[in-house]
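First up is the structure itself, then whatever we jot down about it.
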Amino acid sequence: MGAVIDFLLAFAVLCLVSLPWSLKWLIGFVHLSPALYVPMLVILFVSGLCAAGILWQAHRIFQTVNQGDPFIRRNVRSLKITGWLCFGIALVYAVGLFSIRSPFMALVLVAFAFLGTFLFIVADLLFKAVQIKEENELTI
């Protein structure tokens with residue numbers, strides 16, 4: 001699974017680097033208004049940075065899983081960072097709704113807000129598991 005995440009992370013970086021040119025091509029290909037270029041570029045670039053950050057945190061978590069020690073505080077922190085990045089994507093799409101009115105924008109906003117909330121719940125559960133593990137390590 002780690003190789004898949006590494007590939008996706010490299011692909012995300014490639015997409016971010018090529019975004020200005022690929023977005024110009026897409027707007028011409030689909031015959032969208034050229035006035036949408038800047039709002040779409042900002043929305044896609046910022047959400048793409050957040051997505052790359054999410055993939056990086058997933059990479060860090062899978063490293064500890066592969067090492068056989070997933071119940072550590074670093075993974076709790078990674079899940080919380082991932083939750084904040086999801087909220088970042090939701091915020092970008094919330095602001096983007098003012099310039100691009102689309103049901104898709106609202107759907108992405110709700111989905112990432114829900115996912116961010118869910119990740120904070122999972123992070124709290126993992127934190128409890130880490131505490132139990134640390135207590136058990138002190139027991140003889």
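Please state which one of LEU125, LEU107, LEU119 is hydrophobic (A, V, I, L, M, F, W, C), closer than 20 Å to GLY48 by Cβ and free of Cβ contacts under 8 Å to residues at least 24 places away in the same chain.
LEU107
Can you confirm whether SER47 is surrounded by 15 or more Cβ atoms within 10 Å (Cβ to Cβ) and of a type in the set (S, T, N, Q)?
yes
Considering each residue of segment 87-105, count those that are surrounded by 14 or more Cβ atoms within 10 Å (Cβ to Cβ) and part of a helix (DSSP H, G or I), and give that number.
The total comes to 11.
Scan segment 62-78 and give yes if some residue there is surrounded by 13 or more Cβ atoms within 10 Å (Cβ to Cβ) and more than 30 Å from LYS128 (Cβ to Cβ), otherwise no.
Among the residues of segment 62-78, not one is surrounded by 13 or more Cβ atoms within 10 Å (Cβ to Cβ) and more than 30 Å from LYS128 (Cβ to Cβ), which makes the answer no.
For LEU23, indicate whether it is surrounded by 14 or more Cβ atoms within 10 Å (Cβ to Cβ), in contact with a helix residue (DSSP H, G or I) (Cβ under 6 Å, 6 or more places away or on another chain) and part of a helix (DSSP H, G or I).
So LEU23 passes the test.
Within the set of pairs 6+ apart or on separate chains, which have a first residue in segment 68-88 that is in contact (Cβ under 8 Å) with a residue 60 or more places away in the chain, a second that is charged (D, E, K, R), and C-beta atoms under 6 Å apart?
PHE71/LYS133
Every read-out reported here was derived from the displayed coordinates using simple, explicitly stated rules and does not represent laboratory data. Note that the structure is a prediction, hence the values are computed from the model and not measured. A quick note on method: Cβ atoms are made from the backbone with ideal geometry, for glycine too, and the neighbour counts reach across all protein chains shown.
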